[in-house]
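Note sheet for the following structure.
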Amino acid sequence: MIYLKTKEEIELLRQCNQLVSRTLALVGRNIRPGVTTLELDALAEEYIRAHGAVPNFKGYGGFPATLCMSVNEQIVHGIPSGYALQEGDILSVDCGAYMNGFHGDSAYTFAVGEVDPRTRELLDVTKEALYRGVAQAKAGNRIGDISHAVQEYAQSHGMTVVREMVGHGLGRSLHEEPQVPNYGKRGSGPQLKAGMVLCIEPMINLGTRNVIFEKDGWTVRTADRKPSAHFEFAVAITDEGPDVLTTFEYIEKNLPID
């Protein structure tokens, strides 16, 4: 079932998703060669709890950490560890929080120092694919319009789209209907209606789209071990157009975080 949110509920969702946005910025400001993903995870958990929320990933289906932290060829659901980041790595950070009865969920892929030009292009293309998907998230369109926009842009740059994991609805549950694939046909899928809240999250690979599920039961990586990137927004559908509840401005414009 697809749950439509009231304007009041969307504002509560915005508050939670803004906290997630600030948490991602805090993590980003501490990313550098030598820091471990476990250290970054501890920072995020402390910050989320200090602001009256709880990490909604921790314990979800048995996941052991606050953040999903996926390095280089890891696509999503990487488990924080003692791995020390190295110059030239990329790190996908997926963060969630639960507050006031609603969930927040967003992701950003960070460069660790200088990365090679093709990997930098991967980051830029994946983020732009997200923006193009968001532009289609308006009442009257269909899920397939979002999906097609993401796929078309990524593939036009010679990159591939992960198909095994998808975006989703967001609200009182972390994962709600409908699913939001990153590939598909225009005009297909459920129609978008005011009050829907979606997580749009392109996962784009530099090489093959084929994936491997690791033995830890969580981490998903590219089959050819080439890099993958992941960016995610929570977006409310309104009669006036897409209302993005999360933001990358705390990261990219270095806005102050409390």
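The values are calculated or read from the model by the stated rules, or taken from the named source; none is laboratory data. Here the structure is a predicted model, which is why all the values come from computation and not from measurement. Here Cβ is always computed from backbone atoms with ideal geometry, including for glycine, and neighbour counts include all displayed protein chains. These area figures cover heavy atoms from the full protein model, side chains too; ligands, DNA and RNA do not enter into them. Shrake-Rupley method; radii C 1.70, N 1.55, O 1.52, S 1.80 Å.
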Next item on the list: Kindly indicate whether Gln136 is surrounded by fewer than 20 Cβ atoms within 10 Å (Cβ to Cβ) and of a type outside the set (A, V, I, L, M, F, W, C).
Entry: no
Next item on the list: Residue by residue through the range 151-175, note down the ones that are in contact (Cβ under 8 Å) with a residue 12 or more places away in the chain, under 27 Å from Glu11 (Cβ atoms) and under 15 Å from the mean Cα position of the chain (by Cα).
Entry: Val166, Gly167, His168, Gly169, Leu170, Leu174
Notebook entry, point to check: Can you name the number of the only condition in (1) crowded, with 17+ Cβ neighbours inside 10 Å; (2) without any contact (Cβ under 8 Å) to a residue 24 or more places away in the chain; (3) hydrophobic (A, V, I, L, M, F, W, C) that Ala50 fails?
Noted result: (1)
Next item on the list: Looking for whichever is in contact with a Phe, Trp or Tyr (Cβ under 7 Å, 6 or more places away or on another chain) and either of a type outside the set (S, T, N, Q) or within 19 Å of Thr126 (Cα to Cα) (or both) here; the options are Pro256, Pro202, Pro242. Which one fits?
Entry: Pro202
Check: Which of the residues spanning the range 118-155 are in a helix (DSSP H, G or I) and of a type in the set (A, V, I, L, M, F, W, C)?
Finding: Leu122, Leu123, Val125, Ala129, Leu130, Val134, Ala135, Ile143, Ile146, Ala149, Val150, Ala154
Checklist line | Any pair with Cβ under 9 angstrom, 6 or more apart, that starts in the range 101-128 at a residue that is without any contact (Cβ under 8 Å) to a residue 60 or more places away in the chain and ends at one that is of a type in the set (Lys, Arg) and assigned to a helix (DSSP H, G or I) | finding: Ala111/Arg120; Glu114/Arg120
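Taking Ala65, is it open to solvent by less than 60 Å² (accessible area, probe 1.4 Å), assigned to a helix (DSSP H, G or I), hydrophobic (A, V, I, L, M, F, W, C) and within 25 Å of Met203 (Cβ to Cβ)?
No; evaluated as a whole, the condition is false for this residue.
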Note to self: Within the range 98-109, does at least one residue satisfy the condition of being closer than 15 Å to Val35 by Cα and either buried (at least 24 other Cβ atoms within 10 Å of the Cβ) or among the aliphatic types (A, V, I, L, M) (or both)?
What the structure shows: no
Check: What tally of residues in the range 178-236 results from selecting those that are assigned to a loop (DSSP other than H, G, I, E, B), open to solvent by 20 Å² or more (accessible area, probe 1.4 Å) and among the β-branched types (Val, Ile, Thr)?
Finding: 1
Note to self: If I ask for residues that are in a helix (DSSP H, G or I), open to solvent by less than 40 Å² (accessible area, probe 1.4 Å) and in contact with a Leu (Cβ under 7 Å, 6 or more places away or on another chain), which ones from the range 12-36 would you list?
What the structure shows: Leu13, Asn17, Leu26, Val27
Next item on the list: For the range 63-77, indicate whether the set of residues that are in contact with a Gly (Cβ under 6 Å, 6 or more places away or on another chain), among the hydroxyl-bearing types (Ser, Thr, Tyr) and in contact (Cβ under 8 Å) with a residue 60 or more places away in the chain is non-empty.
Entry: yes
Next item on the list: Among what's in the range 242-254 and is of a type outside the set (Ser, Thr, Tyr) and surrounded by 13 or more Cβ atoms within 10 Å (Cβ to Cβ), pick the residue that is nearest to Arg172 (Cα to Cα).
Entry: Leu245
Margin query: Cβ-Cβ under 7 Å, sequence separation 6+ or interchain: first residue in the range 86-98 and in a loop (DSSP other than H, G, I, E, B), partner among the small types (Gly, Ala, Ser). Which pairs?
Written below: Glu87/Gly113; Gly88/Gly113
Item checked: Filter pass, Glu87 being on the phi < 0 side of the Ramachandran plot and open to solvent by 60 Å² or more (accessible area, probe 1.4 Å) -> yes
Next item on the list: Go through Ser81, Ser106 for me and flag whichever is in a strand (DSSP E or B) and among the polar types (S, T, N, Q).
Entry: Ser106
